[in-house]
Amino acid sequence: MKGFETYLRKCIRREWSEHYVDYGLLKDMLRSFHTRRVQLRHAIGRDGSVAVNDFIELSGAEDLGEIMPKGYFQCVDALNCYEGCGESLIATENIDIVKARYSLSALERKEFSSLLEQHIKSAGLFYCNTLLPQIQQHIENQEYDEASRALLETMSFACTNILAFRQLVIRYEAFAITFEGIPLSAAYLQAEDAQGQGMFELERADELEKQIMSGLQIKEDELEAGQRNVMSRDGNTKVSRSFAHY
């Protein structure tokens, strides 16, 4: 059975490729997290602690306060907050492994969610500022066939990005469970999922669909009326010829 990424590639339109959520990039980030966790495990000493220099090399931060992000990801939001989480690592020679794992988990959640949010917002902007206006322009030009094709392609773009977003969240949650990391909270997931769909303004797409259907119906009615007029003229012509014959 082929994997999700294989099917995802088939859904990506080449000329829009730079505007999709980069599933491969974010998946590679999760792989790098796995590698970092393995390195942390190897760095644990016999006393159950990690040398500060080793931890700094892994995390790229000189104090735990740097790792703990602000806003949603602030320390108090986490499952448990360890005392001294903002202390300078330089002040001690070793860091307790529990604190090291917790701090690394907070860093992973911050890095992953920030990049994922950046990508879904970029896709949403392209959808709203480029793709939807193109459909509207077709409608204004009464190019309803072109508008309907563009709408289908645009909705495919939105669905592909939303599915990629959800699949990446599932992957992150699986990673967090495996390595006892900090998961994304249910409230955050609901907010992000709603925001992701909101970024694509699906209601606006529904309105464009209604305009297209209305325009196609008007064109069809006009075509039928034109055909009836032609048939009526042809009938009148035949009657006139009959009278002329007699």
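The values are calculated or read from the model by the stated rules, or taken from the named source; none is laboratory data. None of these values were measured; they are calculated from a predicted model. Cβ atoms come from the backbone with ideal geometry, glycine included; neighbour counts cover every protein chain shown. When the accessible area is computed, the model is the full protein with side chains, heavy atoms only, and any ligands, DNA or RNA have been set aside. Shrake-Rupley method; radii C 1.70, N 1.55, O 1.52, S 1.80 Å.
The dipole here belongs to the range 110-152: it is taken about the Cα centre, uses +1 on the Cβ of Lys and Arg and -1 on the Cβ of Asp and Glu, and is about 240 debye. How much net charge surrounds Ser214 when only the other residues with a Cβ under 12 Å from the Cβ of Ser214 are counted, with Lys and Arg +1 and Asp and Glu -1? Summing Lys and Arg as +1 and Asp and Glu as -1 gives -2. Near the amide H of Phe200, within less than 5 Å, lie no amide hydrogens of residues on another chain or at least 5 residues away, with H placed in the peptide plane. Accessible area per residue was computed with a 1.4 Å probe on protein heavy atoms; Tyr144 scores about 30 Å². In this structure, the amide hydrogen of Asn94, modeled 1.01 Å from its nitrogen in the peptide plane, lies closer than 5 angstrom to those of Val52, counting only residues at least 5 positions away or on a different chain.
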